[in-house]
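The values are calculated or read from the model by the stated rules, or taken from the named source; none is laboratory data. Keep in mind that what you see is a predicted model, and the values were worked out from it rather than measured. Positions of Cβ are generated from backbone atoms using ideal geometry, with glycine treated the same way; all protein chains shown enter the neighbour counts.
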Amino acid sequence: MQAGWEHFDHGADIGVRGHGPTESAAFEQAAMALTAVITDPGGVAARQSVPLGCEAADDELLLAAWLNALVFEMAVRRMLFARFSVVIEDAPMRPGRAPSPWETGSPAATHVDTRAAGRRQLRAVAEGEPLDPARHHPAVEVKGATLTALRVAREGDGWLAQTVVDV
Amino acid sequence: MNPGAFERRGPREWVLPASGAMHVPAVFVADEALLRAMDDKVREQAANVAMLPGIVRASYVMPDAHWGYGFPIGGVAAFDAGAGGVVCAGGVGFDVSCGVRCLLTALRRPDVMAVQHRLADALFERIPAGVGSTGAIRLGAADMDAMLAGGARWAVRRGWGHEGDLERVEDRGQALHAKPGKVSEHAKRRQREEMGTLGSGNHYLEVQEVAEIFDARAAAGFGLEAGAVVVMIHCGSRGLGHQIGTEFLAEMAAAAPRYGIRLPDRELACAPILSDLGQDYLGAMRAAINCALANRQILTALVRQVFADVLPQAGAMPLLYDVSHNTCKAERHAVDGRERELYVHRKGATRALGPGHPDLPPALRPFGQPVLIGGSMGTGSYVLAGTERGEALAFASACHGAGRALSRHQACRRWQGRQVIDELAARGIVVRCPSSRGVAEEAPGAYKDVDAVVDAADAAGLACKVARLAPLVCIKG
């Protein structure tokens, strides 16, 4: 399967879909589709590299986490990205994960499954450049990746990765 | 959507009876044409909301509803903490406390038309708008927490506006019980340079003319008269609210099983109100409400500065009102003759308190709460007033805007930004926007007929029409 991306319609917002020969390639293409929500990715030069990483309970939540990590970096660095290199693997087993800020001190936290088994992690490098409104003509900012129409799956001889982003 | 799936309770009330895992029915308030035009997904989402623990009376859908995430946009649902009720990050959304405020001026239409382009240029220059725009205000850690606790009240204390503004903002400008400590550093970092910015997408600032009065008494009470000029600002909690929505959505989705909650849709991620996670979300979400209120207050001060320079005869530009349409609020409502505290989620829906409500400032109390309905550039906007009937109909809630009819892609295929701007200019409406594609995506034709939405809300009794506003200048984010 050749790598590529597309958008799909969702009411007020936009669906981003990547596909490719591997899961990592599909995630990279979904990120291209994310950039294309904002601007033409062809007009974004790969001048600066930003390393990224995230972890989630499954592949689908990992896609949402990946796109949200990019949304965050775009927002705080005032950057656009147009080239991505992604590695996805099982998260290493460890006795427990650090509780999130919301679980700290919570009685409910004692019920949290602290095993890392089954969790997935992503390491990536995103390449891009500072946003230049006069040149990039950004249409809209992405608020976040939702869990709507979220799907990561093998499809034919390749992979598909998609979700809807809130704009 | 096929109306045949509903029991018709009245000309504009459609009931989807509780079935399967639904605890309560879903009630749609719309005329038949609006109902037919809604996507089937709206029905599915409203039914899913009715399955959440502790929901009271019904899952409500407003006339402008469309397919959202988890909740439909235009969805209203109330939960009782004592009955195991939940607070749902998906029921508030990413843009926490997105809302609209309306400023009155002493101007008439000809005053604006004489300097229309100069005014548009000055507003466009002074109001940071569009992707990546930054405000002039940089908040350190202590100021950030003070802002998140204080909302518009904090902004007024810092010199952006005056005390009189506060009573014209929901909750008098400050969501109480906000917990800035529960807002992540990521969220605060995203907000560091975004105070006093408009954002993008459907956010805008418009100079409008009061084009039509429907209720002379309420209009007079609100300070509106035909031909007068007002300014409407539509924006939300910017990056901070988006980040809070993102983080708690993931957190609640992961935590639901340990609370024994089976989510019909992951996007309905929620936690019991009385759980630590539920309380933490409420604290962070209220901080995001304060961020939105502070942001709109700062924008108000910037707008007043521009008018003082370009059209000083605009006067003090008092605030008519400020409403938020993505919130969860603890409110008291009568259910089966008994008053209960409920956590009312309004996702793309406006609170609409009826006349006499004690939470309204004395000057507005005889008329009901102003309900501000935003349009999109060429389409009109509306001022409505809350009604007594709205309380019984949908926990004092009303619609929030026109709602999209076409997706952004469909809009881009149909229109070009330049074409939209030229067509609006021919109608006497001046648009300034940093992005041509952004204008095409927000073309007036991409939205439902706001007149039909407002007529349905009025006829159903959710809120009553007071005035229609027509745009003269639009600054798009």
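Looking across segment A:109-142 at every residue that is exposed (fewer than 13 other Cβ atoms within 10 Å of the Cβ), more than 22 Å from residue B:277 (Cα to Cα) and more than 21 Å from the chain's Cα centre (by Cα), the one that is modelled with the highest pLDDT is identified as A:135.
Would you say residue B:78 is more than 19 Å from the chain's Cα centre (by Cα) and assigned to a strand (DSSP E or B)? No.
Of the residues making up segment A:8-42, those that are within 14 Å of chain B (Cβ to nearest Cβ), closer than 21 Å to residue A:59 by Cβ and touching a helix residue (DSSP H, G or I) at 6+ places or on another chain (Cβ under 8 Å) are A:16, A:17, A:34. Going by what's in this entry, would residue B:189 be described as within 11 Å of chain A (Cβ to nearest Cβ), without any contact (Cβ under 8 Å) to a residue 12 or more places away in the chain, under 25 Å from residue B:129 (Cβ atoms) and of a type outside the set (Phe, Trp, Tyr)? Yes: the conditions hold for residue B:189.
Out of all the residues in segment B:394-403, is one or more over 28 Å from residue B:329 (Cα atoms), of a type outside the set (Phe, Trp, Tyr) and touching a residue at least 24 places away in the same chain (Cβ under 8 Å)?
Within segment B:394-403, none of the residues are over 28 Å from residue B:329 (Cα atoms), of a type outside the set (Phe, Trp, Tyr) and touching a residue at least 24 places away in the same chain (Cβ under 8 Å).
In segment B:436-451 there is no residue matching the filter, namely being in contact with a Lys or Arg (Cβ under 8 Å, 6 or more places away or on another chain) and modelled with pLDDT of 95 or more.
Just one residue in the set B:334, B:385 is in a strand (DSSP E or B), buried (at least 24 other Cβ atoms within 10 Å of the Cβ) and of a type in the set (A, V, I, L, M); that residue is B:385.
Here's the yes/no breakdown for (1) outside any strand (DSSP E or B); (2) closer than 19 Å to residue B:76 by Cα; (3) more than 27 Å from the chain's Cα centre (by Cα):
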| site | (1), (2), (3) |
| --- | --- |
| B:28 | no, yes, no |
| B:33 | yes, no, no |
| B:36 | yes, no, no |
| B:41 | yes, yes, no |
| B:45 | yes, yes, no |
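One residue stands out in segment B:426-443 among those that are touching a strand residue (DSSP E or B) at 6+ places or on another chain (Cβ under 8 Å) and part of a helix (DSSP H, G or I): the one that is nearest to the other protein chains (Cβ to nearest Cβ), namely B:438. With respect to (1) free of Cβ contacts under 8 Å to residues at least 40 places away in the same chain; (2) surrounded by fewer than 20 Cβ atoms within 10 Å (Cβ to Cβ); (3) within 14 Å of chain A (Cβ to nearest Cβ), the lone exception for residue B:250 is condition (2). Basic (Lys, Arg), surrounded by fewer than 24 Cβ atoms within 10 Å (Cβ to Cβ) and within 19 Å of residue B:325 (Cα to Cα), is that true of residue B:157? So residue B:157 fails the test. Looking only at residues of segment A:143-163 that are modelled with pLDDT under 95 and among the β-branched types (Val, Ile, Thr), we find that the one that is farthest from residue A:46 (Cα to Cα) is A:148. Please work out if residue B:143 is at pLDDT 95 or above and surrounded by fewer than 17 Cβ atoms within 10 Å (Cβ to Cβ). Considered against the rule, which asks whether it is at pLDDT 95 or above and surrounded by fewer than 17 Cβ atoms within 10 Å (Cβ to Cβ), residue B:143 comes out as yes. Consider segment B:388-425 and keep the residues that are surrounded by fewer than 24 Cβ atoms within 10 Å (Cβ to Cβ) and part of a loop (DSSP other than H, G, I, E, B). The one that is nearest to the chain's Cα centre (by Cα) is B:405.
Residues in segment B:94-107: is at least one buried (at least 21 other Cβ atoms within 10 Å of the Cβ), at pLDDT below 95 and more than 24 Å from residue B:469 (Cα to Cα)? Checking segment B:94-107: at least one residue is buried (at least 21 other Cβ atoms within 10 Å of the Cβ), at pLDDT below 95 and more than 24 Å from residue B:469 (Cα to Cα).
Only one entry of B:61, B:87, B:96 meets the criterion of being farther than 21 Å from residue B:198 by Cα, among the hydrophobic types (A, V, I, L, M, F, W, C) and in contact (Cβ under 8 Å) with a residue 60 or more places away in the chain, and that entry is B:87.
Is it true that residue A:13 is touching a strand residue (DSSP E or B) at 6+ places or on another chain (Cβ under 6 Å), at pLDDT below 95 and charged (D, E, K, R)? In short, yes.
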